[in-house]
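As C-alpha cells, the structure follows; a few thoughts come after it.
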Amino acid sequence: MNIRFINFSLCVLSLLLLTPFSATATAETLAVKDPEHTTELLQRFDNIVADPEARQKANAEGQERAQFCFRCHGKNGNSVRDYVPNLASQNPAYLFTQFEKFASGTRKNYVMSKLAEILSADERVAVAVYFSDKPVIPRDNRPEPDMKGQQVYQSLCFACHGDKGHGSHTYPRIAGQPYEFLEKTLLKFKQGDESRKNSPMTAVVGNLSDEDLRAVARWVANMP
Ligand code: HEC
Ligand code: HEC
C-alpha cells in the first residue's frame, strides 16, 4: 500500500460520508438532472416487483420492448460484443439514471442517445424488470486476473461497488462486465472524456496509473 492508495482511500471515505442512503439520494448520487423522475421510476419498479402478478406482466412487456436491445445487449442481458455492457442483474436505479444521462447528453453513445429519447417511462420500467432478473453468465474470453487488480479493488472500489462488485440501489453492478467495456470506460473516466462527463468516477480513478487501471479491469471482469 503506497501513499497514493492512502490518499485515495481518504478521498473515497469523504465521498462516502457525504452520501446519504435514501431513494432520493440515489438519484442525486448518480448526478442526474431530474432526480425526482428517477425516484418516481424507482418507486414504480419497487411496487411492480413486490406484486407477483404485476411483475409477470411487466416482465412479458419488458421482453417485448427489449427485442431491439438483444442485438447488442443479448437476449438474457449478457452482451454479444465486448464493448457493450451487460444489462443482466444491473440495478434498476442505474438503468434509469443512464437513460436520463443519454437523453440529456451528459453521457453519449450514438444508438443509446437516440433510444433514450424514444423509450417511454413505462417501457423503461418494464425493460428494467426484465433485465434485472437475469443472471450474469461468465464470459469465456476473460483475461487472467492478478493480485495487483485485487489490491486496487480492495483499496478503492469495494467502498461503493461492494465487496462482490454487485453494486446496490445506489451504485452500479460492475462484476462480470466484459473486459473491453471496463477498460474503455475507466480510461474515459480518467481522461474526463466528453461521453461520460460529470461522473464521480473521474475523481476516483484520476490518479490511477493505466497499468493499475487495466489490472483492476481484469479483476472485475473475473468477478462472478
Ligand atoms: C447497436 C447496439 C445497441 C443497442 C441496439 C442497444 N444498446 Fe444499450 N448500449 C450500447 C453500447 C455500446 C453501450 C455502452 C455505451 C458506452 O460505452 O457508454 C450501451 C449502454 C447501455 C446502458 C448503460 C449500461 C451501463 O452499464 O453503463 C443501458 C442501460 C442500455 N444500453 C440499455 C439499452 C436498452 C434498454 C436497449 C433497447 C431498448 C439498448 N440499450 C439497445 C449498445 C446498444
Ligand atoms: C465513491 C464511490 C465510487 C468508488 C470508490 C468507485 N466507484 Fe465506480 N462508479 C460510481 C458511480 C456513482 C458510478 C456511476 C457513474 C455515472 O453514472 O457516471 C460508477 C460507475 C462505474 C463504472 C461504469 C459502470 C457502467 O456499467 O457503466 C465502472 C466500470 C466503475 N464504476 C468501476 C469502478 C472501479 C474499478 C473502481 C475502483 C478503482 C470504482 N468504480 C470505484 C461510484 C464509485
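No value in this document is a laboratory result; all are computed from the given coordinates. None of the values given here were measured: they were computed from a predicted structure. Note that each Cβ is placed from the backbone with ideal geometry, even for glycine, and that neighbours are counted across all protein chains shown.
Each Cα pair under 8 Å and six or more residues apart adds its separation to the average, and for the chain the resulting relative contact order is 24 percent.
Tell me which lysines have Cα within less than 20 Å of residue 57's Cα, excluding those fewer than 8 residues away on the same chain? Qualifying lysines at Cα under 20 Å: 75, 134.
In terms of Cα atoms, the Rg and Dmax of the range 42-124 work out to 13.0, 36 Å. Rounded to two decimals, the Cα-based Rg/Rh of the chain, with Kirkwood Rh, is 0.95. Take every Cα pair under 8 Å whose residues are at least 6 apart in sequence, average their separation, divide by the length of the range 139-224, and the relative contact order is 44 percent. For the range 24-132, the relative contact order works out to 33 percent when only alpha carbon pairs closer than 8 Å and six or more residues apart are counted. Residues 195, 155, 120, ranked from the fewest to the most other C-beta atoms within 10 Å, line up as 120, 195, 155. Of all lysines in the structure, those lying under 19 Å Cα to Cα from residue 114, and not within fewer than 8 positions of it along the same chain, are 33, 101, 197.
Helix-only arithmetic for the chain: the sum of -39500 (n - 2.57) across DSSP H runs with n ≥ 4, divided by the residue total, places the mean residue ellipticity at 222 nm at -17500 deg cm²/dmol. Sorted ascending by nearby beta carbons within 10 Å, beginning with the fewest, 130, 110 become 110, 130.
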